[in-house]
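Each reported figure results from applying straightforward, stated rules to the coordinates on display, with no laboratory input. The model shown is predicted, which means the values in this text are computed figures rather than measured ones. Note that we place each Cβ from the backbone using ideal geometry, even for glycine, and neighbour counts take in every protein chain shown.
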Amino acid sequence: MQELINRAKELLADGTVARVLGWKGGDLPYNPEPAYFETAEELADFVYNSFCGANLSKYMIEASKLEGKTMVCLKPCDTYSFNQLIKEHRVDREKAYIVGVGCKGKLDIEKIKKKGVKGIESIEGAEITDEADTLKIQTIYGEKSCAYADAMLERCHVCKGKEHMVYDELIGDSKETKDADRFDEVARIEAMSPEEKFAFFQKELSKCIRCNACRNACPACSCRKCVFDSTKFDSSQKANVDSFEEKMFHIIRAFHVAGRCTDCGECSRVCPQGIPLHLFNRKFIKDIDGLYGEYQAGADTTSKAPLTNYTFEDAEPSIVGKRG
Amino acid sequence: MYKIAKENLSALFRLIAETRELYLPVKTAGQTNYAAWSEDAEVDLDTLKTVKSAKDAFFPQSEGLYTVKKEGKKMSVEPEGLKEQDFVVFGMKACDVKGLEVLDNVFLSDPVDTFYAARREHGTVVAMACHEPEETCFCKVFGVDAAEPKSDVAVWTAGEDLYWKALSEKGEALTEAVKELFTDADEAAVEAEKEAIHKILEKLPYMNLSLEGWNGDALSEKFDSPIWEELYKPCLACGTCTFVCPTCQCYDIKDYSAGDTVSRYRCWDSCMYSDFTMMAHGNNRTSQMQRFRQRFMHKLVYYPANNDGMYSCVGCGRCVEKCPQALNIVKVIKAFQNQGGEQ
Amino acid sequence: MSLEKKEFKPKIVAFCCNWCSYAGADLAGSSRLTYPADVKIIRVPCSCRVNPMFILRAFEKGADGVIMCGCHPGDCHYSTGNFYARRRMTLLFSMLDYIGVENGRTRVEWVSAAEGVKFSETMNSFVEKIYSLGENVRLGDLRCKS
Amino acid sequence: MQRIGVFVCHCGSNIAATVDVSKVAEMALMEPGVVHAEDYQYMCSEAGQAKIAAAIQEKNLTGMVVCSCSPRMHEATFRKAAERAGLNPYMVEIANIREHCSWIHKDVEEATKKAVILMRAAIAKVNLNAPLQPGESRVTKRALVIGGGIAGIQTAIDIADAGYEVDIVEKTPSIGGRMSQLDKTFPTLDCSACILTPKMVEASAHEKINIYTYSEVEKVSGFVGDFTVDIRKKARSVDMDKCTGCGVCQEKCPSKKAPSEFNRGLNTRSAIYTPFAQAIPNVPVIDREACIKFKTGKCGLCAKVCQAGAVDYEQKDEIVTEKYGAIVVATGFDTIKLDQYDEYAYSQSKDVITSLELERVMNAAGPTHGHLERLSDGKAPKEIVFIQCVGSRCSDDRGKPYCSKICCMYTAKHAMLIRDKYPDVNVTVFYIDVRTPGKNFDEFYRRAVEQYGVNYIKGQVGKVIPQPNGKLLVQGSDLLDNKQILKEADMVVLATAIEPNPDVRKIATMLTASIDTNNFLTEAHAKLRPVESPTAGIFLSGVCQGPKDIPETVAQAGAAAVKAIGLLAKDKLLTNPCTAQSDILLCNGCSTCENVCPYGAITYEDKEVNDHGIRETRRIAVVNSALCQGCGACTVACPSGAMDLQGFSNRQIIAEVDAICR
């Protein structure tokens, strides 16, 4: 972390960048927030720890409009999103000084709290330099502990790898965190009967409160105005009036980002109701990989996206029924 | 004061449900929210904070207002009926109960919102003291006592029992209806529980948050502060804070066409949304900074200015827990505090 | 409202591209090749004009089945439109299947302007399928059910 | 709210027998916006159209629905009728209650119900229609032909004969193309040069044709009717105006080691050269890579011997910018490289040659002055083996999946010519299939077999092995006799697959014309529009579109010319108003739409946007309505719904869906 701060100070001092986009320490042990820093003094608040889960690439859309370069801290998975945004002309590569930051897996405070941990006072083991396998949590109700891996975000268990796809320089070490196949969950659902599938999604989506956090956090959902906010499509909806509306919203949202979604996992991270929204996006990714060849959005900035591409021999839609 | 063994609670719920609708915290797919009780509902009284508040019971996220039916070129309008059925909301916390007061000020003052008023009239609140308050709680800051919920009925959990005390006529009526399941109890266990809660409250990091300077008089000073420009930046403009909040009361009115019938309904809206209060000419708040500022100015400045100093935040801490980017009202209040210190 | 069980009359929307399938439907008509009146055709310039949203919208508003017809791959009037449509629909149908919607409710068929017989046969078999699936209950807005 | 009139046609009894037309008209009046409804025997008749006109005027209609036969039948009729009565033609929608209803249903009640629903959908749509005006764009009355082979020459002559200016851009120093390299042509065996040279002369002498040789297309912008093209005239180092074509420079040039492109590298040429004797223009170019003057600064002999003073070592590339209304691509073909086919020993033996090389060998102006001899030792061959389908009809990645189409016929030609001139030479042809459709083609092939005794063996050659004695051992199979064949040959000729000129990729990109996986340019419709590219104003001539022989190429060249003339004959182009439009406030500028547009109609511009008071410069998609054909692919690709299609807008289609599901 100190290395990051030092480098940020240098880049600010020599005028390479006009500001730094990173995280600011929170007022609880686990709530750092994305923040801009414009001076060395402000950088006193800079933190980078295992609770810095937010994908900062989307902020670069606005930062690209500002005067001068922005030093932005991107984790390996965030760089896919950034590449995808370059491809879609939503960010300006020239306006970004990308520091690829190391990642040892990011923590999900909800997972810790779900283990019955309440009244948290401090958490030990969440610093980026820590090598601890266990988090020591001091609470009002006594000391608790939690295995680091058990507290990780879902996306870190199926990590795409700790390699940065785009960067100007790299700071900090990473540690491999992948311990599951990212399509296992999708395959589990695919194997269900239609009734079970429907019951599963109905139950999950019934929690949706249409807060739009998934959409607004999603770096692929970078539309200036979403079709669901626009009167033009006659699809403007605000609230969960009927269970159909959540389905419509989540299917269309997943469809709109199909082939563009890098599987960064922000949607699931930010959902206040803990809906595993990645299951929609990942289904499309799995289908695309299987039907049209492996494709990783954001791995580069030039390849043709699967939905703007075709081959004569593509599978027919009837394959859906035939797959069983 | 009465008590009932926790293990008999399902009998209590069943009995309440015989004569009234019953809403209480139910766990669905891993998350606890208020929902209608049923035999197979997984009732969860251990989770301190439901994701959404109990606001839905009185001010549902979506609510029909009237329906227009078309036959040929003739149209008829059918207003939606008001709530007529008595219902019970079980398990609300003191902060959420205070939230109802905030809503009352809005919806029960002239012109009275008849839909809300009918629900308030038919609803009985059984509020529950917070057995284990958490680090995100700051109800005390707004004068709420987590150990002493003020509602129709107050309940406490202590040991293996749940203690029950009616505080209003409606509460008495409900008590009458279910008394058969209770045994008499003295207040000793409850007093001990209250003391324990108070002790914990003392330790919570947000409990001594200062609201100094937040009032109607500070309107222009706060409104014009440059701090907002810094604070809003991480905001994603989602509506999470609004929709989990027990006091946010803004709604939009929309139409839904099902062909020959069109239903007009209202649904919660969020001042964080870019189309909030969208009018023909556009929007009176054009930037996210303005929208962000609006939410906190409303809670901490405008509302108290119009309601004898009462804030429209109750310190439930849901926004603290749920904001995707870890922004919240506490950070806002602190930012202004720090700024004041520096000046 | 009567409590009598109403006979199930499905609502079926067929999107047909102007150049092949709509013409194929015309040929079915001029050849007097019948298919059930439950099918209503919407003319679009090309299958690539069919937004997945239209299909979900149809279900929302009470459709029991949606079928999309276009030129055979390689014969698109606009060269490539149906190739894109094919990928879009494959993914959409797969998603509907994934969330538990019976996959027989959606179909894509390529019907040329000369295939009046195929058009009629396709519609007959699709309608039959929808009858066997019954009313669409998983993917509709309750407000549209009356 | 619109004021809509609904007109229900009986179509005699075609509709009225199964659909209760008066009921449909009655139901129409219940719909929002409908102010007039009537039914009539034949709406398309003059009387019917008069009724429509009267209603439009009397009821002040802003839109109308005709419930009748298919729009593919009479939409144009009713639109014209509406226009005559003062209603914008795009305010007319058709409910197809004949082909899609009365003709396929028997039950009157059922058919009537359906007709009402189809009518409602049309009304719902028309409620959202907006008057559309076709756009206009001007047409520059000049055509560009890219490629100066027989295809390009023929197209240019045909266009020029119709009275329009044509420019030919040819990459090499002379026009003539592949055909100029051929010795004889099938099936008539007349000399290629004899029939080509007059065409070349005609083109160069034509007052409407301007030829840029040794030139390449550098940049193309604009759209149908109004293209702007940059042409790079490569430095020839010889002044075209001064040169008399005397040829002395070529004779005197001391550098004569450059491989002759025209003779497929079988012999050499001088550094200052014209590719062949009949070259047009007959002005040499200096190959700067071979020229001693350019390499060392010394020499300069050609300038000294040139009496006209035409040699100019200082000449530089020049860019000419021209405007065109139409562009014809005639970039032709080349034979594939044989690196992947080493089993035929092409790289190992000089006596294994391609058919095109054989053309040069047989030609009097070729490296052997027309004598059939082995290139290794100059000896006369006694045994020649032809191998067919080298790289054609290939299922793996080494070659091409398609049939090169011309090989069967030219091989028959070669075999026949050889047997005719050298009766003592044995000719064997290994083939997979012999394909000779075409006028007098099969007769020609049979003559080769029956009259000239060419030995055709159905089977493939596995390997050609050069022997120490200089012969070539050919290992093949005879599928009909089911046996292995070993044959010693003096020469082996490979019927090498043809492929589009590699430059076509670059050109297709500049033109936004699509190409298929084999690099052939895609036609707008495989059957019905074979000489047009999907990109408006771009036409296809010759082998750039697919393998062809000379007569087919000439025929297609003429067809492409006619299409180009049809375009140039117009003063203005009326554009289809049902095109895509991007909403400036919703567009993200993400380029997704551009990727699915088959016509290259979408570009991006930085535009100043006022989004409810927020002013900023944004990258916005701009649709060129002259190019857009209205397919709608972009509208679905667009995630924000910014892209919409006029006449088939999102809201219109949704309104139809809603009306049907109501």
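What is the P(r) of region B:216-342, as percent of Cα-Cα pairs per 5 Å bin from 0?
Going out from 0 Å in 5 Å bins, region B:216-342 shows 2, 10, 18, 22, 21, 13, 6, 4, 2, 1, 0, 0, 0 percent.
Taking just the alpha carbons, could you work out the radius of gyration and Dmax for region D:333-499, both in angstroms?
Computed over the Cα atoms of region D:333-499, radius of gyration and Dmax are 14.8, 45 Å.
Can you give the longest run of chain D that contains no GluC sites (Glu not before Pro) sitting in a DSSP loop with at most 10 other Cβ atoms inside 10 Å?
D:315-662
State, as an integer percentage, the relative contact order of region D:1-83 based on alpha-carbon contacts under 8 Å between residues 6 or more apart.
That works out to 41 percent.
Got a sec? Charge dipole of region D:333-499, +1 on Cβ for Lys and Arg, -1 for Asp and Glu; which of D:440, D:362, D:492 is way out at the positive end?
Working it through, the farthest residue towards the positive pole turns out to be D:440.
Would you kindly calculate the translational diffusion coefficient of region B:155-232, applying Stokes-Einstein with the Kirkwood radius from alpha carbon pairs, for 25 °C and a viscosity of 0.890 mPa s, and quote it in µm² s⁻¹ without decimals?
143 µm²/s
Place +1 on the Cβ of every Lys and Arg and -1 on the Cβ of every Asp and Glu in region B:112-256, take the dipole about the Cα centre, and give the residue among B:157, B:200, B:216 whose Cα lies farthest towards its positive end.
Final value for the positive-end residue is B:216.
Per-residue Cβ counts within 10 Å, from other chains only, averaged over A:25-33: what number is that?
Average neighbour count from other chains, rounded to a whole number: 6.
Amide H of residue D:145: which non-local residues (sequence gap of 5 or more, or other chain) have their own amide H closer than 5 Å, using H built in the peptide plane?
Here the answer is D:167, D:168, D:169, D:328, since their amide H atoms fall under 5 Å of that of residue D:145.
What are the residues whose amide H is under 5 Å from the amide H of residue D:607, where those residues sit 5 or more places off or on another chain and H is modelled from the backbone?
Hits under the 5 Å cutoff: D:618, D:619, D:620.
Can you give the Kirkwood hydrodynamic radius for region B:1-72, in Å, rounded to one decimal and based on Cα pairs?
Kirkwood radius, region B:1-72: 14.5 Å.
Of D:282, D:112, D:61, whose Cα points farthest to the positive end of the dipole of chain D (charges on the beta-carbon: +1 Lys, Arg; -1 Asp, Glu; origin at the Cα centre)?
Of the options given, the answer is D:282.
Would you mind telling me the antiparallel percentage of the DSSP bridges in the protein assembly as shown, rounded to 5?
Roughly 55 percent of the beta bridges in the protein assembly as shown run antiparallel, per DSSP.
When the dipole is taken about the Cα centre of the protein assembly as shown, and only Lys, Arg (+1) and Asp, Glu (-1) are charged at their Cβ, what size is it in debye, to the nearest 20?
4640 debye
Going by how many other beta carbons lie within 10 Å of each one, how would you line up D:407, B:245, fewest first?
Neighbour counts put them in this order, fewest first: D:407, B:245.
In whole percent, what relative contact order does chain C give with Cα contacts below 8 Å and a gap of six or more residues?
35 percent
From the phi angles alone, apply the Karplus equation (6.51, -1.76, 1.60; θ = phi - 60°) to region D:266-279 and give each ³J(HN,Hα) in whole Hz, x where the residue is Gly or Pro.
7, 9, 10, 9, 7, 6, 9, 7, 10, x, 8, 4, 8, 3
Can you show me the helix-derived [θ] at 222 nm for chain D, built from DSSP H runs with n ≥ 4 at -39,500 (n - 2.57) apiece and divided by the number of residues, rounded to the nearest 500.
Calculated at 222 nm, the ellipticity per residue is -8000 deg cm²/dmol.
Stokes-Einstein at 37 °C, 0.692 mPa s, Kirkwood radius from Cα pairs: D for the protein assembly as shown in µm² s⁻¹?
87 µm²/s
Under 1.5 on a/c is rounded, so check that first for region A:19-175, then, if it is not, pick prolate when a/b is larger than b/c and oblate when it is not; a ≥ b ≥ c are the square roots of the alpha carbon gyration tensor eigenvalues.
Here region A:19-175 falls in the prolate category.
Apply the Karplus parameterisation 6.51 cos²θ - 1.76 cosθ + 1.60, with θ equal to phi minus 60°, to every residue of region D:4-12 and state each ³J(HN,Hα) to the nearest whole Hz, in sequence, with x for glycine and proline.
9, x, 10, 10, 9, 9, 7, 6, x
Output ³J(HN,Hα) for region D:625-630: one whole-Hz value per residue in order, computed from phi by the Karplus curve 6.51 cos²θ - 1.76 cosθ + 1.60 with θ = phi - 60°, and x for Gly and Pro.
With the stated coefficients, region D:625-630 comes to 5, 6, 9, 5, 9, x Hz.
Using the Cα centre of region D:248-305 as the reference point, and only Cβ charges (+1 on K/R, -1 on D/E), how large is the resulting charge dipole? Debye, rounded to the nearest 20.
Computed about the Cα centre, the dipole is about 240 debye.
If each DSSP helix of 4+ residues adds -39,500 (n - 2.57) and the sum is divided by the residues in chain A, what number results at 222 nm, nearest 500 deg cm²/dmol?
-8500 deg cm²/dmol
Within region A:294-324, list the trypsin sites (Lys or Arg not before Pro) lying in a DSSP loop whose Cβ has at most 16 other Cβ atoms in a 10 Å radius.
Passing sites in region A:294-324 are A:304, A:323.
Return the single residue from B:19, B:124, B:32 with maximal mean-square fluctuation; model: Gaussian network over chain B, springs between Cα atoms under 10 Å.
In the Gaussian network model the winner is B:19.
Mean-square fluctuation check for chain B, GNM, Cα pairs under 10 Å: which of B:75, B:310, B:272 is largest?
Of B:75, B:310, B:272, the Gaussian network model singles out B:75 as fluctuating most.
Report, as an integer, the average count of C-beta atoms from other chains found within 10 Å of each Cβ along C:102-108.
Mean partner shielding for this stretch: 3.
Over chain D, what portion of Cα pair distances is larger than 49 Å, expressed as a whole percent?
When all Cα pairs of chain D are counted, 34 percent exceed 49 Å.
For chain A, set up a Gaussian network in which alpha carbons nearer than 10 Å are linked by springs, and say which option among A:274, A:119, A:105 fluctuates the most.
Between A:274, A:119, A:105, it is A:119 that shows the largest mean-square fluctuation.
Taking amide H atoms as placed 1.01 Å from N in the peptide plane, list the residues 5 or more away in sequence, or in a different chain, whose amide H sits under 5 Å from that of residue D:238.
D:286, D:312
Could you quote the convex hull projected area for region D:576-646, Cα atoms only and averaged over all directions, in nm²?
Mean projected area of the Cα convex hull: 4.3 nm².
Could you estimate the translational diffusion coefficient of chain B from the Stokes-Einstein equation, with Rh from the Kirkwood formula over C-alpha pairs, at 20 °C and 1.002 mPa s, in whole µm²/s?
Roughly 99 µm²/s, to the nearest whole number.
As a check on your grasp of the helix formula, calculate [θ] at 222 nm for chain B: sum -39500 (n - 2.57) over DSSP H runs of n ≥ 4, divide by the residue count, round to the nearest 500.
-9000 deg cm²/dmol
What average number of partner chain Cβ atoms lie no more than 10 Å from the Cβ of the residues making up D:646-658?
For this peptide, the per-residue mean of nearby foreign Cβ atoms is 6.
Over the Cα atoms, compute the radius of gyration (one decimal) and Dmax (the largest Cα-Cα distance, rounded to a whole number) for region D:4-126, in Å.
Computed over the Cα atoms of region D:4-126, radius of gyration and Dmax are 12.7, 39 Å.
Which whole-number percent gives the relative contact order of chain D, counting Cα pairs below 8 Å spaced six or more residues apart?
13 percent
With a cap of 11 neighbouring Cβ atoms within 10 Å, and only residues DSSP puts in a loop, list the GluC sites (Glu not before Pro) found in region B:114-188.
Taking region B:114-188 and a limit of 11 other Cβ atoms within 10 Å, the loop GluC sites (Glu not before Pro) found are B:160.
If you look at just the Cα atoms of region C:12-139, how large are its Rg and its Dmax in Å?
Cα radius of gyration and Dmax of region C:12-139 are 13.7, 40 Å respectively.
How big is the gap, in Å, between the Cα center of region A:105-178 and the Cα center of region B:204-282?
A separation of 32 Å, based on Cα centres.
Return the Rg/Rh value of region D:248-305, two decimal places, where both radii are evaluated on C-alpha atoms and Rh is the Kirkwood radius.
Result for region D:248-305 is an Rg/Rh of 0.95.
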